[in-house]
Every structure is written in structure tokens, then in C-alpha cells.
Amino acid sequence: MPDFEIPALLETVFEKSDISEDTRKLLSAPNRKLEASVPLRRDDGSLDVLRAWRVQYDTTLGPGKGGVRFHPDVDAREVTELAFWMTLKCALLELPFGGAKGGVQVDPKALSPLEVERLARGYVAAVADIIGPDRDIPAPDVHTNPRIMGWMADEFSKINRSHQPAAMTGKPVCLGGSEGRIAATGCGALIVLREWIERQDKRPADVSVAVQGFGSAGGHFACLAHEAGFRVVAVSDSKTAVHDEADLDPRPIFECKRNGDAEGVLYCEKSVADEDGKEEIGQEELLKLEVDVLALAAMENAVTKKNAKGIRAPLILEIANGPVSADADEILRERDHVMLPDILVNAGGATVSYFEWIQSRTGEYWREEQVTERLEARMVDAATRVFDRAEADDVPAREAAYALAVERIARAVASRGNRSYFAG
């Protein structure tokens, strides 16, 4: 697979915003890419050696920030791409971070809880030299969760022989995590959607939503959207999808999937169809539903040129990272679909991770109401800036978001001196 290349859209932003050559070069490749082999002792005594990565794409604005995912399809290109998006996301939300990401090529659902713990600790041991509260702060991502981040934080503290809770975010609250962190990505996505429909003079009750991906982000978004008055009519997970034309209450489905947080259960073992009384439909059929909003909360490239033309929803809400491929993006824009971009929509998780980082460094812990209020302010501000810029420049929201993010990085680069400064 070829090395990651920055999106063509960014070249357009560079030209339109007159971004300096220095900034272009700095964003053309990652600052640092670490590949490691992580040994994993299995419960039966056998040994697996797993491929793992940590990429710090750009740290112009601060230490790296980004999740760690455990997934069989993870590779160096994907982790680099995710770190690039994190760079733009942190810049757009005006967080004091650069972008980073990590991953291990593994199917964690095939592991026992003890094996996952060994894996989490082994990953931290492999990347410990380049992470830390002032270097690079990992967080949860696909198939990593608060319990796993707690193991990682504990291992980092052991390696450094000091208690350093700010080295990881997304931890359990009892281990220095933040109230509101688990639901933050879904909550932030709902705030962005709410800001958009208000600009269209619509009410939540007038808006139907289908949600692809019913994990933590998609599940919390669906439940919060339902509580806010939106009509959630369909949800899907990796196994199947369910649909109710009138209105679907996602809360009992979410509780059923989470197994009631059963002791000893690390990953969800049920599907959205396990809650009785729901019409089951195909996963691809969900993407083609005639709804007002299609919320994509699964994985990258869920929508490609192969299925883009079947999408009917006029508004695409990108809760996952990169759920619409570049080819599909072009097709959907030509057909006048509006896409609210991932670096804005899913920034709630990164934002509350920032709040957790502050709390872990200071020892001051905020109530959930305080966290929610601060998240609301950040997300509303970012959404307003993106929507205003898109309207002023007559460009898609994705281009507006990229421009705002890159311009902030460019200002930081210029403040340290760029070619025009040193050339006099």
C-alpha cells in the first residue's frame, strides 16, 4: 500500500488561503512514525508478536494527541492518515495539541480480558519513550475503552516510577478520568447537528436520522438525539440494522448491546437486533434510506464510489473518522448533498480529552455539568466559525474547516519565522 498523501482538497486550501511554503512542507509528512513489534503471551502459554504503530503527524501547536485503536485492519498508512486528521481537528477546535494516533494490528475480540490487558501494557512499553503529558497523550479509539486506557495509564506510571495520570485520557473517572468523556464524541456531534438545523430554520421533530455504527460514539449520539427530539428511525452495527419508520427509541437497544456493563465483559457481544420488536434490515439498506440525516459512525470509507449514488439523505454527518472516501465525496457534492466534516463533528472526544488532561495535571475535577457546558461552548464556537466561513467563501463545510485549521497552524509557523521572514 502506498504511503499516505495529504488530500487533494488541502492543496486547494493552500492556494486559496495563500499558505506559506514552510507550512505546506511541514504538513506534507509526519514528524515521527514509530513501528514496533509487541509480544503478547496468550493464556495457553503461546506467544504472538503483533505489529503496532504510533505516529505524531504535527506538533506545531503542542504535544501530540490522538487515540489508539486495536483492529485487524490497522496499518501504517491508516494510522498516519488518522494522525493527520487529528492535527487538523485540534487546530480547528483551538486545542493546545498537535495530531497523533496509534494502533495495533489485532482482533481484540478474539482475546481474553487478560490477554487484552497484556496487550495494552505491552503497547505502552513499546511507545513509552515518545509519549507522556508533554509529548503525546493517547486516548481511546476503535476497540479501546476506559478500562483499557486505565491499564495503559497504570503501565506508563510504572515505567516512569511516578504517578502521571495526564499521560492518557479517556480513563475511568475513578482513575483520574473526566466526567462526560465517554459520551463526548456523540454529544459533540449532536451539538453540531443542532447548530446546522437551526440555521435551516428546522426543529428536531422535523428531522429523521439514520445512524450507521452503534458503538460508543454512534450509540451515545443516537440516544442523545432521541432525547433532544430528533426522530431516530434506524441504527446499525457490524452485524445488522434495525428500522422503524415512525421513531426508534435507541436507548433500550444501546443498553442491550452494552450487556448492562456486565462484569468481565470487555467488548459488546450483542447486536442491535437482539432487542425484540424491531424490523431488521440490511446494513447497506440503511445507507439508502430516505431520511433527512445519515450519521456515519462506523469506520473509514463506509461510503465509497460504489454506494454513494444510492444515498438519499441530503445531509451527511461524519461522526467516524473519514467515513466518506474522496471519490464518494466528489459524487455526493455533485448531487448537492451537504456533508458536515469529521474534524468538526467528532471533535467532542478530543475536546473533553483536553479537559481531562487539564484536570489530571492540576488535580481539580469538574462535575459533568461543567464539562458539558464547556464542551457546548467549544463546539458551538467551532461550528459557527466553520458554517460562517463556508457561507462567506461559498465552499463546502469540509473545505471551510480545513482552511480554518490550516490557517491556525500557518500562523503558529509564521510566528517562529518562515521563509519570508528570514529572507527579509
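Bear in mind that the values in this text are calculations on the coordinates, not laboratory data. Here the structure is a predicted model, which is why all the values come from computation and not from measurement. So basically every Cβ, Gly included, is an ideal-geometry build from the backbone, and we count neighbours across all protein chains shown.
Working note: Debye formula, equal point scatterers on the alpha-carbon atoms of region 184-345, no solvent; log10 I(q)/I(0) at q = 0.09 Å⁻¹ is -0.26.
Place +1 on the Cβ of every Lys and Arg and -1 on the Cβ of every Asp and Glu in region 184-345, take the dipole about the Cα centre, and give the residue among His243, Ala308, Val211 whose Cα lies farthest towards its positive end. Ranked along the dipole, the leading option is Ala308.
Applying a DSSP loop filter and a limit of 15 other Cβ atoms within 10 Å to the GluC sites (Glu not before Pro) in region 189-295 leaves Glu245, Glu263, Glu269, Glu290. Sparsely packed loop sites in region 1-47 (the trypsin sites (Lys or Arg not before Pro) outside DSSP H, G, I, E and B with at most 14 other Cβ atoms within 10 Å) comprise Arg42. Rounded to the nearest 20, the Cβ-based charge dipole of region 60-101 about its Cα centre (Lys and Arg +1, Asp and Glu -1) stands at 120 debye. Near Met339, the amide H atoms lying under 5 Å from its own belong to Ile316, Ala397; only residues 5 or more places off or on other chains count, and H is placed 1.01 Å from N. Using θ = phi - 60° in the Karplus curve 6.51 cos²θ - 1.76 cosθ + 1.60, the 3J(HN,Hα) couplings for region 36-49 round to 9, 9, 9, x, 10, 7, 7, 4, 8, x, 6, 10, 10, 10 Hz; x is entered for Gly and Pro.
A simple rule links phi to the HN-Hα coupling: the Karplus curve 6.51 cos²θ - 1.76 cosθ + 1.60 with θ = phi - 60°, which for region 215-226 gives x, 4, 5, x, x, 5, 4, 4, 5, 5, 5, 4 Hz, with x for Gly and Pro. For Lys305, the aspartates and glutamates whose Cα falls under 13 Å of its own Cα, not counting residues fewer than eight places away in the same chain, are Asp327, Asp329, Glu330, Glu334. Taking GluC sites (Glu not before Pro) across region 1-85, the ones in a DSSP loop with at most 14 further Cβ atoms lying within 10 angstrom of their Cβ are Glu5.
Taking the Cα centre of region 174-292 as origin and assigning +1 to Lys and Arg Cβ atoms and -1 to Asp and Glu Cβ atoms, the resulting dipole is close to 440 debye.
Across region 365-379, computed HN-Hα scalar couplings (Karplus, 6.51 cos²θ - 1.76 cosθ + 1.60, θ = phi - 60°) run 10, 9, 5, 4, 4, 5, 4, 4, 5, 6, 5, 4, 4, 5, 5 Hz from first to last residue, x flagging Gly and Pro.
Proximity of backbone amide H atoms, modeled 1.01 Å from N, is registered between Val232 and Val209, Leu248 at under 5 Å, excluding neighbours fewer than 5 places apart on the same chain. The Cα-based radius of gyration and maximum Cα-Cα distance (Dmax) for region 249-405 are 18.5, 52 Å.
Binning all Cα-Cα separations of region 31-175 at 10 Å, short to long from zero, yields these whole-percent fractions: 13, 45, 34, 7, 1. So, in region 31-175, how many Lys pairs have Cα atoms under 24 Å apart, if the pair is 8 or more places apart or on different chains? Lysine pairs satisfying the spacing and distance rule in region 31-175 number 14. Put a plus charge on the Cβ of each Lys and Arg, a minus charge on the Cβ of each Asp and Glu, and nothing anywhere else: the dipole of region 20-96 about its Cα centre is then about 140 debye. Around the amide H of Gly99, modelled in the peptide plane, lie the amide H atoms of Tyr57, Asp58, Lys65, Thr87, all under 5 Å away and 5 or more residues distant in sequence or on another chain. Partners of Lys309 within straight-line reach, counting lysines whose Cα lies under 24 Å from its Cα and excluding those fewer than 8 residues away in the same chain: Lys239, Lys288.
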